[in-house]
Amino acid sequence: MKTIRYGGDYNPEQWPEEVWHEDVRLMREAGVDLVSLGVFNWGLIEPTPGEYDFGDLDRVMDLLHGNGIGVCLGTPTSSPPAWLRRAHPEIRLVDYDGRVMAGGSRHGVCPSAPAYLEACASIVERLASRYGDHPAVELWHVHNEFGWAGVECFCAVSAAAFRSWLAEKYGDVDRLNRAWGTVFWGLVYRSFDQVEAPSAAPPGVNPALLLDWKRFSAEAHIACYTMQREIIARHSEAPATTNFMIPNCGDMDYFRWAEEVDVVSNNHYLIAEREDNHVELSMSADLTRSVAGGPWMVMEHSTSAVNWQPRNIAKTPGQMRRNSLAHLARGADGLMFFQWRASRAGAEKFHSAMVPHGGTDTRLWREVVDLGADLERLSGVVGADVAAEVAVVWDWESWWAQELEWRPSVDLRFRERIEEYYGSLWRQHVTVDFVRPEADLSGYRLVVAPSAYLLTDAAAKNLRGYVERGGYLLVSYFSGIVDEHDVVHPGAHPGPLRDTLGLWIEEFHPLTEGASLALDSGAVGRIWSEHLRLEGAEALAVFTEGPDAGRAALTRNRLGRGAAWYVATALDDATGLRPLLSEVLDAAGVDRPRGIPEEIELVRRGGYVFLINHGERDVEVAGIEGADALEGTAYTGAVPVPAGGVVVVRIAKERVESGR
Ligand code: GAL
């Protein structure tokens, strides 16, 4: 990709043909050079089984190509036609409670259903053979948001597929019994046939069963993807992708998914009523870049309001630009929207688009055109890496495991804890990568593990080796507790992290709802405390209240050439987490700008520094020398960043010292 790809989902089937001509004219005006086509058109291109009508699609493809607009061609398998559901009612997705999904919408089908998979293979074969060498096709957009209506299907076919998957994984049933600890409650299996899918059941279902079920369910969607990708590859050299839902779909391991796509693409929608939604956006972008291992693209975001939140708040002037350029700063090489032209009919008519119902004499359209012009000037970032010296451990399986039933406290939330650490680092202008716990950590000065409940022996060994070789590690409570089957590691918690952290835990002390505890450092803890027994670690702060009064709350263990910190409570940001992170960042030698206001997002990508002002006052950032990549202005001292504005500097020299 040489330019930043710009565009959106294009649904010409919703409009008469004369509008298509206006569309391409407007696309050119806005600098749009890529559109997603045919994402939901199965019912139109295959009106009855085995009968095809590609007339409209042929004409649109040629029209786009003739106007220099590339196509990201959808496979329409996320919206099966009504005839397919009627002919094969058994393909309908069954939810946890046994409810069967009716038609009338998209999705809602079982990813393991043979009739569905056969129909998918057949329509994809038709599409790929027809358009595989069409010059407009630059990317294949397989399906749409795998798992959107639920990743898990509890129908009989899925249950049988699960049993085969288990037989393949464990070979013999006694291995499964040992791994799952089925002697507990005598839940032992004598053959794979006896294993049931974990739909509505009395509480206390074996957590190891639940975890493998989640793995199986996600893999069923991946198999549906790879089946399509392989058909496409027989007809086309264009790369394939499918749009991820990072980080909102907790049920898919996108590190795993990323192994299967040629280009990582993601859909991100702002949570309109959340005050720090721009921080959540950054987290999504960093996580997407991390699963991609490099540049990626935004397949969908919105120009303004969506239609599915309780109150769909419009974006304020400049907000779409800030959002888009934040994705770009954090590694996106393409920025696409849902959707090109606002629909008149159907479920999404109140969703914003690049061309709103009000047409082109609108603020929104002008912002769309301006963004296109910005992107043209910023094409130098394409392919460039984002600089990050800090890594945050993120593991979807650990998220799944931690939030199964019957944990020590309902307040032990994976995402909340990660967001606390991420948010605190963000406000200190530290850009992070996310890593799997088994990843190569040697490139990072600091690794933070806010919530690593499930940790394999191999992962724990990896963390230990990282510290011994000079790395700095910060671990938060309820980490290193279980293995990949949700079985507690032998001996005291935190199992395989004991040596690395230089301590063990005698007892957990979850706090009552809303309670807090003071530490002698002036910090306040919430949610959790525990009885730590130090074996090598030194106490940096102690609880002064509660069941662990007088005992360590915060520790450091020097090990080899590095050090490992441990935090035994949920620290309040201002009094605890922020100062702690600042100290640990200093110890690890993480370079970062000091003294610039918290609402300034500062990210370095390749030879560019992005400065995004999320606040309501103008700010000057000192210490950056270079040229404004959008305006051409030369900066030799301070860079002014207006309230709500974005400045991108092509840097000659950077040493951000201060700001005001
Ligand atoms: C996404 C979906 C799009 C559109 C969008 C609206 O989840 O992929 O097709 O429905 O939401 O925000």
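The values are calculated or read from the model by the stated rules, or taken from the named source; none is laboratory data. Since we're looking at a predicted model, the values are computed, not measured. Note that each Cβ is placed from the backbone with ideal geometry, even for glycine, and that neighbours are counted across all protein chains shown. Just so you know, the surface numbers come from the protein's heavy atoms only, side chains and all, with ligands and any DNA or RNA stripped out. Shrake-Rupley method; radii C 1.70, N 1.55, O 1.52, S 1.80 Å.
Does segment 146-163 hold any residues that are open to solvent by 20 Å² or more (accessible area, probe 1.4 Å) and under 30 Å from the mean Cα position of the chain (by Cα), and which are they?
Restricting attention to segment 146-163, the residues satisfying the condition of being open to solvent by 20 Å² or more (accessible area, probe 1.4 Å) are 148-150, 152, 154, 156-157, 160-161, 163.
Selection gives 148, 149, 150, 152, 154, 157, 161, 163.
For segment 110-121, which residues satisfy the criterion of being in contact (Cβ under 8 Å) with a residue 12 or more places away in the chain and either within 16 Å of the ligand (Cβ to nearest atom) or part of a helix (DSSP H, G or I) (or both)?
At the first step, the residues of segment 110-121 found to be in contact (Cβ under 8 Å) with a residue 12 or more places away in the chain are 110-117, 119-121.
Once the filter is applied, which keeps residues that are in contact (Cβ under 8 Å) with a residue 12 or more places away in the chain and either within 16 Å of the ligand (Cβ to nearest atom) or part of a helix (DSSP H, G or I) (or both), segment 110-121 yields 114, 115, 116, 117, 119, 120, 121.
If you check 523, 541, 537, 553, which single one turns out to be of a type in the set (A, V, I, L, M, F, W, C) and out of contact with any Asp or Glu (no Cβ under 9 Å at 6 or more places or on another chain)?
Details: 523 fails: out of contact with any Asp or Glu (no Cβ under 9 Å at 6 or more places or on another chain); 541 fails: out of contact with any Asp or Glu (no Cβ under 9 Å at 6 or more places or on another chain); 553 fails: out of contact with any Asp or Glu (no Cβ under 9 Å at 6 or more places or on another chain).
Within the list 523, 541, 537, 553, the selection yields 537.
Six or more apart or on different chains, Cβ atoms under 8 Å: show the pairs whose first residue is in segment 400-423 and assigned by TED's automatic domain parsing to the domain that holds residue 583 and whose second is aromatic (Phe, Trp, Tyr) and part of a helix (DSSP H, G or I).
Short answer, once both residue conditions are applied: 402/414; 403/414; 414/399; 415/399.
Please specify each residue of segment 489-508 satisfying the condition of being touching a Gly at 6+ places or on another chain (Cβ under 7 Å) and surrounded by fewer than 20 Cβ atoms within 10 Å (Cβ to Cβ).
489
Going by what's in this entry, would residue 106 be described as closer than 30 Å to residue 162 by Cα, in contact (Cβ under 8 Å) with a residue 40 or more places away in the chain, within 16 Å of the ligand (Cβ to nearest atom) and open to solvent by 50 Å² or more (accessible area, probe 1.4 Å)? Walk me through how you get there before you give the answer.
On the way: closer than 30 Å to residue 162 by Cα: yes; in contact (Cβ under 8 Å) with a residue 40 or more places away in the chain: yes; within 16 Å of the ligand (Cβ to nearest atom): yes; open to solvent by 50 Å² or more (accessible area, probe 1.4 Å): yes.
Here the answer is yes, as residue 106 does meet what is asked.
Please indicate, with yes or no, whether at least one residue in segment 266-288 is closer than 20 Å to residue 34 by Cα, β-branched (Val, Ile, Thr) and in contact with a helix residue (DSSP H, G or I) (Cβ under 6 Å, 6 or more places away or on another chain).
No.
Can you say whether residue 373 is in the same structural domain as residue 499 (by TED's automatic domain parsing), in contact (Cβ under 8 Å) with a residue 40 or more places away in the chain and either assigned to a helix (DSSP H, G or I) or of a type in the set (Gly, Ala, Ser) (or both), as far as the supplied structure shows?
Numbers: in the same structural domain as residue 499 (by TED's automatic domain parsing): no; in contact (Cβ under 8 Å) with a residue 40 or more places away in the chain: yes; either assigned to a helix (DSSP H, G or I) or of a type in the set (Gly, Ala, Ser) (or both): yes.
When the stated conditions are applied, residue 373 does not pass them.
With the requirement that a residue be more than 19 Å from residue 143 (Cβ to Cβ) and of a type in the set (D, E, K, R), what does segment 50-85 give you?
51, 53, 56, 58, 59, 62
As an exercise: evaluate residue 543 against (1) open to solvent by less than 40 Å² (accessible area, probe 1.4 Å); (2) over 14 Å from residue 576 (Cβ atoms) and give the number of the one condition it does not meet.
(2)
Report, ordered by the first and then the second residue, all pairs with beta carbons closer than 7 Å, sequence separation of six or more or different chains, a first member in segment 465-491 that is on the phi > 0 side of the Ramachandran plot, and a second member that is part of a helix (DSSP H, G or I) and open to solvent by less than 30 Å² (accessible area, probe 1.4 Å).
Going by the 7 Å Cβ cut-off, the qualifying pairs are 480/460; 480/495; 480/497; 486/208; 486/211; 486/401.
What's the total number of residues in segment 26-60 that are within 16 Å of the ligand (Cβ to nearest atom) and assigned to a loop (DSSP other than H, G, I, E, B)?
4
Looking at segment 558-576, can you tell me whether even one residue there is acidic (Asp, Glu) and open to solvent by 10 Å² or more (accessible area, probe 1.4 Å)?
Just the residues of segment 558-576 that are acidic (Asp, Glu), to begin with: 572-573.
Filter once more, keeping what is open to solvent by 10 Å² or more (accessible area, probe 1.4 Å): 572-573.
Yes, segment 558-576 contains at least one residue that is acidic (Asp, Glu) and open to solvent by 10 Å² or more (accessible area, probe 1.4 Å).
Hey, among 176, 210, 166, which residue is assigned to a helix (DSSP H, G or I) and more than 28 Å from residue 99 (Cα to Cα)? Explain how you work it out, then say what you get.
On the way: 210 fails: more than 28 Å from residue 99 (Cα to Cα); 166 fails: more than 28 Å from residue 99 (Cα to Cα).
Just a single option satisfies the conditions, and that option is 176.
Filter segment 34-60 for residues that are surrounded by 22 or more Cβ atoms within 10 Å (Cβ to Cβ) and farther than 17 Å from residue 122 by Cβ; which is farthest from the chain's Cα centre (by Cα)?
Result: 60.
Given segment 556-655, what strands (runs of 3 or more DSSP E) lie entirely inside it while holding 2 or more residues that are within 17 Å of residue 448 (Cβ to Cβ)? Break it down into steps so the answer makes sense when it comes.
Values: elements: 562-567, 600-605, 608-613, 619-622, 624-628, 638-641, 646-654.
It comes to 562-567.
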